[in-house]
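For reference, the structure is listed below as structure tokens.
The values are calculated or read from the model by the stated rules, or taken from the named source; none is laboratory data. This one's a predicted model, so the numbers in the text were calculated from it and none came from an experiment. Methodologically, a virtual Cβ is constructed for each residue, glycine included, from the backbone with ideal geometry; neighbour enumeration extends over all protein chains shown. Accessible surface areas use protein heavy atoms only, side chains included; no ligands, DNA or RNA. Shrake-Rupley method; radii C 1.70, N 1.55, O 1.52, S 1.80 Å.
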Amino acid sequence: MKEEKPKKAVLIYDGNCPVCSGTVAWIKDREQTGAFEMLSCQSTEMSERFPSIEEAVCMQAMQLVLPDGTVLPGEKALPEIFKRLKRYRLAADIFKLPGARTISRVLYRWFADRRYHIAKLLFPAKDKRKK
């Protein structure tokens with residue numbers, strides 16, 4: 001099956017992570033009209049539409065599929081996300097500064113590896129309800 005080229009940028013994220021889901025809601029509230037489609041990494045639709053993106057890969061980092069079919073993982077997706085937000089477009093230019101890519105890679109990886117621990121700190125009530 002050939003992968004589709006989406007008309008919008010498709011943001012694939014960990015739908016089980018409260019921080020990730022909150023970030024997706026934040027992006028939805030600020031996106032330029034029709035800029036994104038959001039898909040949970042765990043959804044059947046994601047695996048059907050983008051079979052080359054393995055669930056293990058999107059559990060390590062969000063994946064942004066651009067309309068031309070290019071897939072940008074993790075921190076590489078951030079400038080493209082900011083370009084598609086209202087009032088945040090200029091933030092994409094920060095990633096052009098010397099050393100910004102290295103810093104964003106390190107910070108993104110640190111955060112992504114600890115997102116469930118961070119979610120427990122930020123949303124302790126949600127964690128207690130699951131027990």
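Above 13 Å lies some portion of the pair distances; for segment 40-86, what is it as a whole percent of all C-alpha pairs? Summing the P(r) tail past 13 Å for segment 40-86 gives 57 percent. What label, among (i) -0.86, -1.27, -1.49; (ii) -0.87, -1.13, -1.31; (iii) -0.91, -1.38, -1.60, belongs to log10 I(q)/I(0) by the Debye sum over Cα atoms at q = 0.16, 0.20, 0.23 Å⁻¹ computed from the structure on display? Working out log10 I(q)/I(0) by the Debye sum over Cα atoms at q = 0.16, 0.20, 0.23 Å⁻¹ from the coordinates points to (i). Helix content alone sets the calculated 222 nm mean residue ellipticity of the chain: runs of n ≥ 4 DSSP H residues at -39500 (n - 2.57) each, divided across all residues, give -13500 deg cm²/dmol.
List the residues of segment 35-66 whose backbone N lies under 17 Å from a point placed 7 Å from the Cα of Lys86 along the Cα-to-Cβ direction. Within reach of a label on Lys86: 35-37.
A simple packing score, the average count of other Cβ atoms within 10 Å per residue, orders the peptides 36-46, 109-119 as 36-46, 109-119, with the highest score first. Across the protein chains, with a 1.4 Å probe defining accessible surface, the residues Asp14, Asp68 rank Asp68, Asp14 from largest area downward. For the pairs Lys7/Lys83; Lys83/Lys120; Lys28/Lys96, flag any whose C-alpha to C-alpha distance is greater than 19 Å. Check vs 19 Å cut-off fails for Lys83/Lys120; Lys28/Lys96. Relative contact order of the chain: 27 percent, from C-alpha pairs under 8 Å at least 6 residues apart in sequence. Centre-to-centre, using Cα atoms only, segment 28-62 and segment 78-119 are separated by 17 Å. Which residues in segment 34-57 place their backbone N less than 16 Å from a point set 7 Å from the Cα of Leu122 along the Cα-to-Cβ direction? None, by backbone N distance to the label point.
Take the chain with all the other protein chains still there, run a 1.4 Å probe, and you get 64 Å² of accessible area per residue. To put it simply, the accessible area of segment 48-131 at a 1.4 Å probe is 61 percent carbon and sulfur.
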